[in-house]
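The values are calculated or read from the model by the stated rules, or taken from the named source; none is laboratory data. For clarity, every value in this text was computed on a predicted model and none was experimentally measured. Please note: Cβ atoms are built from the backbone with ideal geometry, for glycine as well, and neighbour counts cover all protein chains shown. For accessibility, only protein heavy atoms count, side chains too; no ligands or nucleic acids. Shrake-Rupley method; radii C 1.70, N 1.55, O 1.52, S 1.80 Å.
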Amino acid sequence: MAEPITQTRLRELAAVHPEQGRVLSVFLNLDPAQFGTPAARSSAITSVMTDAAHKVEEAGELEHDERMSLRDDVERVRDVLIGSDIAANATRAVAVYACGPEDLLEVVRLRRPVENKVVLGRTAFVEPLVMQGTDERWLVLVANRRAARLFVGPGDALEETDRIVDDVHSQHDQGGWSQLNYQRSVEKEVHDHLVRTAEVAFAIYKRRGLDRVLVGGPDELLPELKGKLHPYLRERIAGKVQVDVENASLDDVCAAAQEAITAHVRRSEREALDRLVESVGRGGRGAAGLPDVLDALNQARVETLLIAESFHGPGRVDDHAGLLLPPDADGGHPVADIVEPAIEKTIEQSANALVVRHHDDLVPLGGIGAVLRF
């Protein structure tokens with residue numbers, strides 16, 4: 001299965017700064033619409049690795065030992081790509097990072113296609129990973145009065161981990177003291193069922209870690225179900241799903257979850273954009289447009305970097321001073337796309353990078369903005 005892209009993983013990759021040599025970053029598209037057969041994948045691997053070998057031989061400013069190390073990195077990446085079924089388990093692309101001097105060989109399987117690409121740089125090229133979006137681990141919990149099912153994983157790759165069925169008696173309408181006592185007994189059984197379900201959910205949280213929770217079930221039962229959840233889980237509830245608790249297929253649950261997750265992403269983007277626009281409008285903790293955003297990054301003031309999905313732009317990088325500059329600035333060397341260095345600096349500063357896909361508010365702000373820490 002494609003591994004989650006987390007902020008921690010991005011920071012670890014962005015932190016690789018070899019004193020000597022370069023980091024080799026290789027991206028291979030495995031979209032089954034184009035590379036659905038072993039022969040097609042083999043051809044794609046040959047093509048991208050030939051490109052990698054050429055880039056190593058053509059790279060300037062390399063010492064002999066650095067070039068030899070990069071040649072070894074090319075072969076290590078090639079072995080990774082041809083040595084296993086890299087297209088298995090919903091993998092739609094793969095990124096491989098190699099740097100011999102840093103003892104780095106990192107494979108990131110992706111669930112969405114990327115463009116075939118080879119980058120030789122002083123740092124790992126993480127922009128395609130950020131553009132895919134960091135993955136959150138979701139729990140989908142659906143329950144009725146007698147049954148519960150729990151699904152865990154990234155939003156588009158859930159798996160059912162637990163199914164609970166308890167012996168809860170049905171309600172009846174005979175009336176009298178017998179009916180009252182029976183009803184109390186049934187409600188106690190439902191209570192115990194929901195408590196057990198909540199305990200299983202919290203055990204999953206402790207064992208696997210969870211970022212967001214979706215709940216589902218009869219409307220009259222949901223408040224009680226939420227109330228039984230541990231506070232750590234309640235505060236992570238991001239929406240609800242509507243499925244047949246006992247009979248829904250995994251595909252049914254995934255489809256319902258994806259709809260709720262998309263709505264959550266839209267709300268999250270909307271909240272971040274509203275905060276940005278409000279801060280920029282007050283002249284406060286907000287930056288809009290490339291020059292102001294780069295200046296804020298250079299001062300380590302960025303809390304959240306917001307980038308329009310299609311935004312790219314030239315700039316300059318001053319490696320000696322560690323500064324990112326607009327294209328018309330003095331100093332540094334020109335780069336065709338300043339977005340990658342900006343994302344890298346954002347991650348290094350333990351800030352968040354958010355690619356905005358569902359709203360166009362960034363367009364009049366220059367395609368890029370930042371909510372600032374101070």
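Being open to solvent by 50 Å² or more (accessible area, probe 1.4 Å) and among the aliphatic types (A, V, I, L, M) holds for only one residue in 39, 98, and it is 39. The residues of region 22-60 that are out of contact with any helix residue (DSSP H, G or I) (no Cβ under 7 Å at 6 or more places or on another chain) and assigned to a strand (DSSP E or B), listed by number, are 23, 25.
Just checking, does region 20-27 include any residue being open to solvent by less than 30 Å² (accessible area, probe 1.4 Å) and among the aromatic types (Phe, Trp, Tyr)? Looking for residues that are open to solvent by less than 30 Å² (accessible area, probe 1.4 Å) and among the aromatic types (Phe, Trp, Tyr), one finds at least one in region 20-27, hence yes.
Of the residues in region 78-92, none is among the aliphatic types (A, V, I, L, M) and modelled with pLDDT of 95 or more. For region 119-143, filtering for residues that are open to solvent by less than 10 Å² (accessible area, probe 1.4 Å) and not in a helix (DSSP H, G or I) leaves 8.
Within region 342-361, track down each residue that is open to solvent by 30 Å² or more (accessible area, probe 1.4 Å) and within 19 Å of residue 16 (Cβ to Cβ). Answer for region 342-361, where residues must be open to solvent by 30 Å² or more (accessible area, probe 1.4 Å) and within 19 Å of residue 16 (Cβ to Cβ): 345, 348, 349, 350. Among the residues making up region 135-156, a single one is out of contact with any strand residue (DSSP E or B) (no Cβ under 8 Å at 6 or more places or on another chain) and either under 19 Å from residue 356 (Cα atoms) or at pLDDT below 85 (or both): 156.
Here's the yes/no breakdown for (1) open to solvent by 40 Å² or more (accessible area, probe 1.4 Å); (2) among the acidic types (Asp, Glu):
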| residue | (1), (2) |
| --- | --- |
| 195 | yes, no |
| 199 | yes, yes |
| 208 | yes, no |
| 214 | no, no |
| 224 | yes, yes |
| 227 | yes, no |
| 230 | yes, no |
| 245 | no, no |
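Of all residues in region 276-287, those satisfying the criterion of being over 15 Å from residue 355 (Cα atoms) and in contact with a strand residue (DSSP E or B) (Cβ under 9 Å, 6 or more places away or on another chain) are 277, 278, 279, 280, 284, 285, 286, 287. Picking from residues in region 304-326 that are open to solvent by 60 Å² or more (accessible area, probe 1.4 Å) and within 22 Å of residue 355 (Cα to Cα), the one that is nearest to the chain's Cα centre (by Cα) is 309. Taken together, 344, 340 contain a single residue that is out of contact with any strand residue (DSSP E or B) (no Cβ under 9 Å at 6 or more places or on another chain) and either touching a residue at least 12 places away in the same chain (Cβ under 8 Å) or aliphatic (A, V, I, L, M) (or both), which is 344. Pairs linking a residue in region 18-33 that is under 19 Å from residue 114 (Cα atoms) and without any contact (Cβ under 8 Å) to a residue 12 or more places away in the chain to a residue that is among the aromatic types (Phe, Trp, Tyr) and buried (at least 24 other Cβ atoms within 10 Å of the Cβ), with Cβ atoms under 9 Å and 6 or more positions apart or on different chains, do not occur.
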